[in-house]
1. Could you work out the helix-only [θ] at 222 nm for the chain, with each DSSP H run of four or more residues adding -39,500 (n - 2.57) and the total divided by the number of residues, to the nearest 500 deg cm²/dmol?
2. Which order do you get for 59, 94, 7 if you rank them by accessible area with a 1.4 Å probe, largest at the top?
3. Report the accessible area of residue 197, computed with a 1.4 Å probe over the heavy atoms of all protein chains in place, in Å² rounded to the nearest 10.
4. When 1/r is averaged over all different Cα pairs and the result inverted, which Kirkwood radius in Å belongs to the chain?
5. For residue 164, what is the net charge nearby, where nearby means another residue's Cβ is under 10 Å from its Cβ and Lys, Arg count +1, Asp, Glu -1?
6. Could you please put 70, 219 in sequence from largest to smallest accessible area, using a 1.4 Å probe?
7. What value does region 127-220 have for Rg/Rh, both radii from Cα atoms and Rh as Kirkwood defines it?
8. Within region 53-152, which GluC sites (Glu not before Pro) sit in a loop by DSSP and count at most 15 neighbouring Cβ atoms inside 10 Å?
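The values are calculated or read from the model by the stated rules, or taken from the named source; none is laboratory data. Keep in mind that what you see is a predicted model, and the values were worked out from it rather than measured. Cβ sites come from the backbone with ideal geometry, for glycine too, and all protein chains shown count toward neighbours. When the accessible area is computed, the model is the full protein with side chains, heavy atoms only, and any ligands, DNA or RNA have been set aside. Shrake-Rupley method; radii C 1.70, N 1.55, O 1.52, S 1.80 Å.
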Amino acid sequence: ALIALALARPQMGFVQREVKQRGRDVIVVIDTSRSMLATDVAPSRPSRAKHVAQDLLRLVRGDRVGLVAFAGSAFLQAPLTLDYNAVLTSLEELDTAVIPKGGSNIAEAIRIGEQAFGKGEGQPRALVILTDGEELDADGVAAAKRARELGVRVFTVGIGSAEGSLIPLRSDEGGSDFVRDSAGKPVQSKLDEKRLKEIAEAGGGFYEPLGAEAARRIFE
């Protein structure tokens, strides 16, 4: 009986672990609209956005991190936390079906990010928006300017290319087609760097093109 009890390794109390926190709050904002299905960057726009986000998570150890997804509306996928594994799990679950409402509302994504920060006055706060910049709803520049006034810096990373591509669309019957406009013409999705630069400038940050060092430059 004593041997069985010993093998069960009974424990009581708790273990304290000290975690150093630098005090910065960073919310990663990822575009999950249908335009992100465009095939102009390999392996895909969502995959590249996730890679940048993962790179940033590796760099911000000691800072709280959150995650927002947006399309025609925005949703807080992961609140600010030091639990990076939880954020990574939420990140992996993102796809273009997570937000039912179509469109690309960057302004709403910024507003949701502001709410997630709460009233953390005096500490550095930043929104890092990963998107192709095809803003179809509201005004992201005005939203970024308001965020800056509230002490939140806005950075943008362009996901896509200037040449762009058509947006593939699979039907329920298993066939394939492309996203089309109201006139029935296939939509060509292109990276809008000009808009992303305007949003970042209004938000007190800067625009960074997609690349291996994008996350590090924003972190630094």
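1. The per-residue figure over the chain is -9000 deg cm²/dmol.
2. 7, 59, 94
3. In the full protein context, residue 197 sits at about 110 Å².
4. Mean inverse Cα-Cα distance, inverted, gives 18.5 Å.
5. Local charge sum for residue 164: -4.
6. 219, 70
7. Here Rg/Rh amounts to 1.09.
8. Passing both the DSSP loop test and the Cβ count: 93, 121.
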